[in-house]
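One structure below.
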Amino acid sequence: MKQSILILISLFLLVTGFSQAEGVVIDVTTSEPIPFATIYLIDLSTGYIADVDGKFSYSNNFPKNLKVQVSCVGYASSIQIGNTSNPMDTFYLEPSHLQLEEIIVSSPSGMLQKQTIANVESRKISELNVLPSNNLMEAISNIPSVYQQSTGTGISKPVIRGLSGMRVLTYLNGLRIENQQWGGDHGMAVGEIGIGSVEVIKGPSSLLYGTDALGGVLYFIDEPYANRGETNSSIQSKFDSNTLGTNSTIAVKSAGKNLRINAFANYTNHADYKLPNGNYAKNSRYTQMNGKVSVGFNSKKWVCNLRYNYLHNRIGLPGHSHAPVNSVDKFESTEQSRERTIPAQLISNHYILWQNKLYLNKGQLSILLGHTENRLTEYDEKITVPGINMNLANNTYNMYLNYPLFAWLETTLGVQGMFQQNKNLENATDNLIPDVSSFDNGAYLLVKSGYAKWNAEAGIRVDSRSIKTIQSASYPEPLTKQFNSFNYSLGLTRDAKVATVRVSLSSGYRAPHISELLANGIHHGTFTYEVGDKNLTTENATQLDFSYEFHSEHLEVSINPFYNHIRNYIYSASTDTMIEGLPVFEYRQLDNVYIMGTDVGIHYHPHFADPLHIETSFSYLHAYDDNNDPLFRMPQNRSISSIKYEFDSKSKLRIENLLVQYQYFLPQNRVGINETTSPNYQLVNVGVNALLDIKTPVSIGFGVKNLLNTSYIDHLSRLKNIGIQHPGRNIYTTLKLKF
Amino acid sequence: MKLKLLIIGTICSIAIYSCKKEECHECHYEDANNDAIELGEKCGDDLEALERDGYTTGGVTYEVHCHEH
């Protein structure tokens, strides 16, 4: 009898838990259904495509109150919330001639980007790659205030508003990426495969991200899963003439009712890059392998994602020499090669993230548990005996409760932390930093309220970091340090149809890294001998940020001035001494530095020329200390302008768009001690994208980067002092097959 | 179908352009007169042992270099 009741209950739950329902998307002005609209379930990273009658069927087995993004060509896309009784029923869209700016939900805060207090700039990677980039960092350096600090073409580090290294945090789907980013030659460790979008938070952001979020945060988000009930795959490849390089990716996505999976694999191989003078930059070659798997699952009260990512690089280090005096021709070759040689970096990264979101009766509880493993090996003098060989293991936790305290007040209460261990492995000839473990813990409270067009937000946070080194022959004196900090953020935004105004005050902090405290040795990758200082104290920053955005149907204008005051700023100071033929740099601290600037952007879409888009942005930065002296390694001010024409052909082989981009970098004459100035330079890039619209569509791209074969060295290039130029002209082709 | 196979084949051919091989390098040491004495091409375990242990001749062990600066 009991067994029969159990079976009946199970059947009942099965039927009610997975019942089918129907929804529809309607034109609000005509009440007509909208065929082939997209209904995207934001928290589940999957969705539906409506049929020719605007209808879609769904199994009613996901949480209520989900944010749903509904969109269709010719309509303004909107974010809507499912109601408590019937989450998916009827959605309404308003016709729009053109939507210049996509409505985006900011992943970290869960709020609409236009309503967030923090100035979050969200971009789809596909938009940044209309002119394909060599790597992810090059793509996002098109965003205002974001620059790259490069060592050849294989290594790029993010720079946000002049700050980089340990002052810029990188997140991947909520997992904090740690990859020895203190090193000037340790590039950003996120591969481009499967990345759908990036959100850039500019300036101090310790409230939500903890220590080190002083310059800003790069928050990468994976591509969504396939629409429910669909399986699709693609294979794509890119060829670059400058490096005879290939970049190939296979992707498979499949989504069922409750379970969905994405899988990606990539192999990249580039030979030495060709200089504008026709020679090649010796040992600038690199290879990369990247694999990624994500599995998503949901029930009525729980959404879960399990993500694994593997990234392996072998990167040549150009500009390496032991001679006391060098000329640039020693670093050039008349022959191009991709054969393995030294010096080289071998880097392996494993990332695992378990994301959970529990939907409570009121509010949501998010739990993210992550683990990263970074192995960095540098071969400098010997092919089989490494100079540096380190393993960095990082375990992170992030738990936060979003709770509507009142109808007009939402609160977020969170705890966050990480346990990190760095270990020098056997056989390395140098221990640039000691074996060390560190433990971070933080707790924060954030309150948000909105009324009519206004939104306000305020928050506080406390953090603690403890560091303990492990005694070794290279570092016989153990060091134990503790750093505590209090941070805050508050702001106001008004989001109207024509204009959005935002003002915020935020703080951030950064504890000195062990490399800054205890470095004492040669760092071949940066051609320096580094000396630390164990008496360094915490950096603290406060930023005032204001932004005004005007948006109409054909014109968008934005202006975003900011002022950032950093206390106890740590920097690497050039000294007049040499050790083992290398210049000595010491870590020191300045009482105060000030970084101010502005970004200005214009996007014009003429009414008389529907397919034409004209965009331009200008980024300006001015940094100085108490003596009004400039800071070291500040990026050149720049403008980036583009003209894009979108074709509307119906033929089977058709051109989709044509893009011409012009970048102008102003001279950098404000330089630190022993730093040289940099002249202005300009780059022209052109590209065209086409589609062969057959049963298995084929996307084709073709273009030229650095069309004018300009000779230039960016001010932030680590090869600047030895005179190695950036790559010359590059002709690229891309092929993408979807099936 | 043929076009699809051709495109996939082209992409795969480009993708597997570089094959992994055992690493071999020309090695040398510098004698008492700082003259470079060639030891020829060394691979795998031999290469590793030379770099780790050096090259011994006439009772003297010299550091071996197997790469070009």
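I want to confirm something. Restricting to segment A:139-148 and keeping residues that are touching a residue at least 24 places away in the same chain (Cβ under 8 Å) and open to solvent by 10 Å² or more (accessible area, probe 1.4 Å), which single residue is farthest from A:I640 (Cα to Cα)? Walk me through it before giving the result.
Our first condition is that a residue be touching a residue at least 24 places away in the same chain (Cβ under 8 Å); within segment A:139-148, this holds for A:139-140, A:142-148.
Pick out the ones that are also open to solvent by 10 Å² or more (accessible area, probe 1.4 Å) and you get A:142, A:144, A:147-148.
Numbers: A:N142: 8, A:P144: 9, A:Y147: 12, A:Q148: 15 Å.
In this case the residue turns out to be A:Q148.
Within the group A:L517, A:L492, which residue is outside any loop (DSSP other than H, G, I, E, B), more than 24 Å from the chain's Cα centre (by Cα) and crowded, with 20+ Cβ neighbours inside 10 Å? Reasoning before the result, please.
Numbers: A:L492 fails: crowded, with 20+ Cβ neighbours inside 10 Å.
That would be A:L517, the only listed residue that is outside any loop (DSSP other than H, G, I, E, B), more than 24 Å from the chain's Cα centre (by Cα) and crowded, with 20+ Cβ neighbours inside 10 Å.
Which residues, counting only those in segment A:589-613, are open to solvent by 40 Å² or more (accessible area, probe 1.4 Å) and without any contact (Cβ under 8 Å) to a residue 12 or more places away in the chain?
Within segment A:589-613, just A:F608 meets the criteria.
Being more than 14 Å from chain B (Cβ to nearest Cβ) and either of a type in the set (D, E, K, R) or buried (at least 21 other Cβ atoms within 10 Å of the Cβ) (or both) is the filter here, so list the residues in segment A:227-239 that pass it.
Within segment A:227-239, the subset more than 14 Å from chain B (Cβ to nearest Cβ) is A:227-232.
Passing the criteria: A:R228, A:E230.
Step by step: first the residues of segment A:174-206, then only those that are open to solvent by 10 Å² or more (accessible area, probe 1.4 Å) and among the polar types (S, T, N, Q), then the one that is farthest from A:S237 (Cα to Cα). Which residue is that?
Once the filter is applied, the top-ranked residue is A:S205.
Considering only residues that are away from every other protein chain (no Cβ under 14 Å) and not in a strand (DSSP E or B), look in segment A:367-415 and name the one that is farthest from A:A456 (Cα to Cα).
Among them, the one singled out is A:A407.
Give the residue that is nearest to A:G184 (Cα to Cα), with candidates limited to residues of segment A:717-729 that are buried (at least 21 other Cβ atoms within 10 Å of the Cβ) and under 25 Å from the mean Cα position of the chain (by Cα).
If we take residues in segment A:717-729 being buried (at least 21 other Cβ atoms within 10 Å of the Cβ) and under 25 Å from the mean Cα position of the chain (by Cα), then A:R718 is nearest to A:G184 (Cα to Cα).
Got a sec? Which strands (runs of 3 or more DSSP E) wholly within segment A:631-739 have at least 3 residues that are among the hydroxyl-bearing types (S, T, Y) and over 26 Å from A:Y273 (Cβ atoms)? Before the answer, list the steps.
Working: elements: A:638-646, A:653-665, A:681-692, A:698-705, A:730-738.
Result: empty, no element qualifies.
Could you go through segment A:324-340 and let me know if any residue there is away from every other protein chain (no Cβ under 14 Å), within 24 Å of the chain's Cα centre (by Cα) and touching a residue at least 12 places away in the same chain (Cβ under 8 Å).
no
From the list A:K257, A:K253, pick out the single residue that is among the basic types (K, R), open to solvent by 10 Å² or more (accessible area, probe 1.4 Å), more than 9 Å from every other protein chain (Cβ to nearest Cβ) and assigned to a loop (DSSP other than H, G, I, E, B).
On the way: A:K253 fails: assigned to a loop (DSSP other than H, G, I, E, B).
Criteria check complete, one pass: A:K257.
Search segment B:41-54 for residues being touching a residue at least 12 places away in the same chain (Cβ under 8 Å) and open to solvent by less than 80 Å² (accessible area, probe 1.4 Å), and hand back the single one that is farthest from A:S337 (Cα to Cα). Talk me through it step by step, then tell me what you get.
Let us first name the residues in segment B:41-54 that are touching a residue at least 12 places away in the same chain (Cβ under 8 Å), namely B:41-44, B:47, B:50-51, B:54.
Next, from what is left, pick out any that are open to solvent by less than 80 Å² (accessible area, probe 1.4 Å): B:42-44, B:47, B:50-51, B:54.
Details: B:K42: 20, B:C43: 19, B:G44: 21, B:L47: 22, B:L50: 25, B:E51: 24, B:G54: 28 Å.
Filtering first and then ranking leaves B:G54.
Tell me, yes or no, whether segment A:280-289 has at least one residue that is open to solvent by less than 20 Å² (accessible area, probe 1.4 Å), in a loop (DSSP other than H, G, I, E, B) and more than 14 Å from chain B (Cβ to nearest Cβ).
Yes, there is a match, as at least one residue in segment A:280-289 is open to solvent by less than 20 Å² (accessible area, probe 1.4 Å), in a loop (DSSP other than H, G, I, E, B) and more than 14 Å from chain B (Cβ to nearest Cβ).
Quick one: in segment A:717-739, which of the residues that are more than 23 Å from A:N674 (Cα to Cα) and of a type in the set (A, V, I, L, M, F, W, C) is farthest from the other protein chains (Cβ to nearest Cβ)? Full working, then the answer.
First, the residues of segment A:717-739 that are more than 23 Å from A:N674 (Cα to Cα): A:727-739.
Going one step further and asking which of them are of a type in the set (A, V, I, L, M, F, W, C), we end up with A:731, A:735, A:737, A:739.
Numbers: A:I731: 15, A:L735: 6, A:L737: 6, A:F739: 7 Å.
The qualifying residue farthest from the other protein chains (Cβ to nearest Cβ) is A:I731.
Just checking, does segment A:318-330 include any residue being over 23 Å from A:L376 (Cβ atoms), of a type in the set (D, E, K, R) and open to solvent by 10 Å² or more (accessible area, probe 1.4 Å)?
The initial filter retains those residues of segment A:318-330 that are over 23 Å from A:L376 (Cβ atoms), namely A:323-330.
Those left that are additionally of a type in the set (D, E, K, R): A:329-330.
Going one step further and asking which of them are open to solvent by 10 Å² or more (accessible area, probe 1.4 Å), we end up with A:329-330.
Yes, the conditions are met somewhere in segment A:318-330.
Give me the residue from segment A:682-716 that is of a type in the set (D, E, K, R) and open to solvent by 50 Å² or more (accessible area, probe 1.4 Å) and, out of that set, farthest from the other protein chains (Cβ to nearest Cβ). Outline the logic, then answer.
The first filter runs over segment A:682-716 and keeps only residues of a type in the set (D, E, K, R), leaving A:693, A:695, A:705, A:714.
Applying the additional criterion that residues be open to solvent by 50 Å² or more (accessible area, probe 1.4 Å) yields A:693, A:695.
Working: A:D693: 13, A:K695: 9 Å.
Top of the filtered list is A:D693.
Inside segment A:132-245, counting only strands (runs of 3 or more DSSP E) that do not spill past its ends, which hold 3 or more residues that are within 22 Å of A:F419 (Cβ to Cβ)? Lay out the reasoning, then the answer.
Details: elements: A:146-151, A:155-160, A:168-172, A:195-202, A:216-222, A:231-240.
Ranges flagged: A:168-172.
Return the residues of segment A:655-703 that are under 25 Å from the mean Cα position of the chain (by Cα) and among the hydrophobic types (A, V, I, L, M, F, W, C); say none if nothing qualifies.
A:L659, A:V660, A:F665, A:L683, A:V684, A:V686 - these are the residues of segment A:655-703 that are under 25 Å from the mean Cα position of the chain (by Cα) and among the hydrophobic types (A, V, I, L, M, F, W, C).
For segment A:450-489, what are the residues that are at pLDDT below 95, open to solvent by less than 40 Å² (accessible area, probe 1.4 Å) and of a type in the set (D, E)?
The answer is A:E457, and nothing else.
The values are calculated or read from the model by the stated rules, or taken from the named source; none is laboratory data. Bear in mind the structure is a predicted one, so any value in this text is a computation, not a measurement. Methodologically, a virtual Cβ is constructed for each residue, glycine included, from the backbone with ideal geometry; neighbour enumeration extends over all protein chains shown. Just so you know, the surface numbers come from the protein's heavy atoms only, side chains and all, with ligands and any DNA or RNA stripped out. Shrake-Rupley method; radii C 1.70, N 1.55, O 1.52, S 1.80 Å.
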